[in-house]
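Written out below as structure tokens is the structure these notes cover.
We did not get these values from a lab; they are worked out from the coordinates using the rules stated. Here the structure is a predicted model, which means the values were calculated and not measured. Glycine also receives a Cβ, built like all others from the backbone with ideal geometry; neighbour counts cover every protein chain displayed.
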Amino acid sequence: MSTQISEQDIQKIVQSVLQNVEAVMKEMPQSANTPIKMKQAVHPEQQIATSAKPQISTIQPQGDHGVFASMEDAVEAGHKAQLEFMRNFQLKDRERILSAMRQAVLAEKENLANMVHEETKLGNVADKVAKHELTALHTPGTEILKTEAFSGDDGLTIVEEAPFGLIGAVTPVTNPTETILNNSIGMLAAGNAVVFNVHPSSKNSCAYMVRLLNKAIKAAGGPENLITMVGNPTLDTMQVLIDSPKIRMLVGTGGPGLVKTLLKSGKKAVGAGAGNPPVVVDNTADLEHAAKSIIDGASFDNNILCIAEKEVFVLDSAADDLVFHMLNNGAYMLDQYQLEKVMSFALEENEKQLAQGCSLDSKREYHVAKKWVGQPASAFLKEIGVVTNGEVRLLICGVDFDHPFVQLEQMMPVLPIVRTKSLDEAIDFAVKAEHGNRHTAIMHSKNVDHLTRFARAVETTIFVKNASSLAGVGFGGEGFTTMTIAGPTGEGITSAKTFTRQRRCVLAEGGFRIIG
Ligand code: NAD
């Protein structure tokens with residue numbers, strides 16, 4: 001049977017098919033119309049190869065409770081955590097999280113102290129336990145954040161302390177885990193998250209601390225990775241941290257090189273640098289109390305604290321009594337011969353000058369021998385062959401102003417004592433020995449005018465009167481504690497307040513008007 005189809009019939013069929021296709025296309029969801037979403041036929045082998053290869057957007061860098069293999073991943077995870085922290089967590093949640101962090105560290109303070117001591121070989125375990133305890137208990141949380149309000153005829157204005165976002169922080173080998181705890185409490189209290197580039201010689205203890213804190217945060221219902229770090233920190237990973245656009249603020253605790261690097265970043269930077277705290281003692285002081293206080297501060301953790309007494313300027317008329325009381329309270333006086341022996345291994349000389357054959361004079365440049373930083377007084381005595389009855393906490397020595405032990409921030413339990421003719425000379429020497437760090441100074445005197453004169457001349461961030469330097473960070477003194485004393489950039493005793501941005505919110509008079 002044959003069918004006759006005219007040219008007209010063919011046109012009708014074609015038009016009807018086209019109309020149907022158009023109707024189907026209109027009913028399809030919009031996205032399905034997009035050509036790139038359309039499924040294409042793929043060869044089975046090609047399909048396997050494509051699905052086995054992870055797409056960059058699908059990789060979820062997990063880290064290990066905040067410890068990451070790369071700085072990029074540490075930053076990315078910290079950034080995500082901070083956004084979640086800000087969106088879904090209130091002030092009361094922050095406090096619950098901080099409390100869990102404090103408890104976790106208190107429960108492990110001995111373990112942490114042992115771990116840090118074993119890894120860094122600096123200081124002593126008992127004082128490290130005390131530092132962890134001090135930091136866990138006396139670092140302020142959200143309570144230090146205050147909203148300022150102005151109200152009047154023109155309405156209401158409030159100034160809030162808002163988070164910066166993600167902070168990049170660098171820590172020293174001298175207080176490694178304590179600085180992580182102290183910085184983290186302050187930064188999280190203010191609503192930030194933090195990425196650390198820790199001192200490489202403390203990376204294992206620091207990784208333990210970061211994991212411990214993240215586990216505590218998670219158990220308290222907080223987000224993962226609020227505190228992150230790179231497992232193998234280097235100067236290169238620090239540069240990644242500094243350069244990352246996701247890092248909104250930098251906080252550095254360490255020597256002058258670090259502070260200089262961070263200040264060159266072009267970002268808001270808080271720099272807590274080196275000190276060389278001088279002590280001035282006049283002849284009105286309670287010399288027994290002064291001696292005990294100086295020994296407490298200068299021997300604590302074998303003198304590795306940046307606030308610790310590093311050199312003493314005492315009026316000639318008070319010097320003998322001060323030394324007498326120091327000897328009665330755990331100090332050992334090195335004689336000239338013993339002092340030279342100590343210098344021969346605890347200090348290293350500038351090689352260039354040695355090659356020029358300079359004699360041992362003040363022009364010679366010295367730096368500290370790293371091996372002897374933070375070692376106990378007993379190790380020094382053993383090295384010079386001195387045997388003593390009973391415990392020696394601190395070595396003392398009589399020297400001139402330009403002695404390297406006065407001029408260098410040596411961080412050893414060797415305290416130089418310089419006799420001065422007058423108070424003016426003592427203050428002048430002390431100001432010079434502080435080298436403009438404006439960090440910490442201590443004075444023992446009952447004369448208010450003397451105290452004021454030295455305080456005004458030295459202009460340090462911390463000025464302690466008639467107590468050990470430790471009182472300056474709330475250890476036996478009033479006020480909260482910190483492990484980051486920002487002298488160079490001026491924030492001083494850092495806390496949650498330091499890690500905030502000021503935000504002004506205004507409801508002007510017009511805002512109260514009822515329209516209608
Ligand atoms: P450090 O300067 O050697 O190291 C501190 C950190 O900075 C480390 O993480 C290190 O890797 C990094 N770093 C070192 N040199 C750097 C550079 N040139 N550029 C960039 N980063 C650099 O100090 P440290 O031996 O770890 O700690 C002791 C020093 O820190 C002392 O000078 C002490 O006074 C100071 N400190 C200050 C405070 C304070 O609150 N102001 C607190 C603790 C320690």
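On the beta carbon distance between residue 383 and residue 327, with R0 = 25 Å, the FRET formula returns roughly 0.75.
Order of 120, 147, 157, 482 from fewest to most other C-beta atoms within 10 Å? Write out the running numbers ahead of the final one.
On the way: 120 22, 147 10, 157 15, 482 27.
The order, fewest Cβ neighbours first, is 147, 157, 120, 482.
Each residue, residue 425 and residue 162, gets one label point 7 Å from its Cα in the Cβ direction; the gap between the two is 5.8 nm.
Scaled against the 2.2 N^0.38 Å expected of a compact globular protein of N residues, the Cα radius of gyration of the range 278-478 reads 0.98.
P(r) tail for the range 152-228: Cα pairs beyond 21 Å make up 34% of the total. Just so you know, the Rg over Rh for the range 90-164 is 1.25, from Cα atoms, with Rh as the Kirkwood radius. A full extension of the chain between residue 236 and residue 503 corresponds to an added length of 92.7 nm, given 0.36 nm per residue minus the alpha carbon distance.
Kindly work out what percent of the DSSP beta bridges joining two residues of the range 278-478 are antiparallel, to the nearest 5.
Values: 3 of 25 bridges.
Percent antiparallel among DSSP bridges in the range 278-478 is about 10.
For the range 162-311, the number of Lys pairs separated by eight or more positions or lying on different chains, with C-alpha atoms closer than 17 Å, is 4. Available extension along the chain between residue 449 and residue 316 is 46.0 nm, counting 0.36 nm per residue and deducting the alpha carbon span. Using the Cβ-Cβ distance between residue 99 and residue 456 with R0 set to 60 Å, the FRET efficiency from 1/(1 + (r/R0)^6) comes to roughly 0.90.
Could you give the length gained on full extension between residue 107 and residue 121, defined as 0.36 nm per residue of separation minus the Cα-Cα distance, in nm?
On the way: separation 14, 0.36 × 14 = 5.04 nm, distance 2.27 nm.
Net length gain for the segment: 2.8 nm.
With a cut-off of 12 Å between beta carbons, the residues surrounding residue 326 carry a summed charge of -3, where Lys and Arg count +1 and Asp and Glu -1. Remark: spin-label model distance residue 402-residue 146 equals 4.9 nm, labels positioned 7 Å along the Cα→Cβ axis. The distance from the alpha carbon centre of the range 80-98 to that of the range 155-226 is 13 Å, rounded to a whole number.
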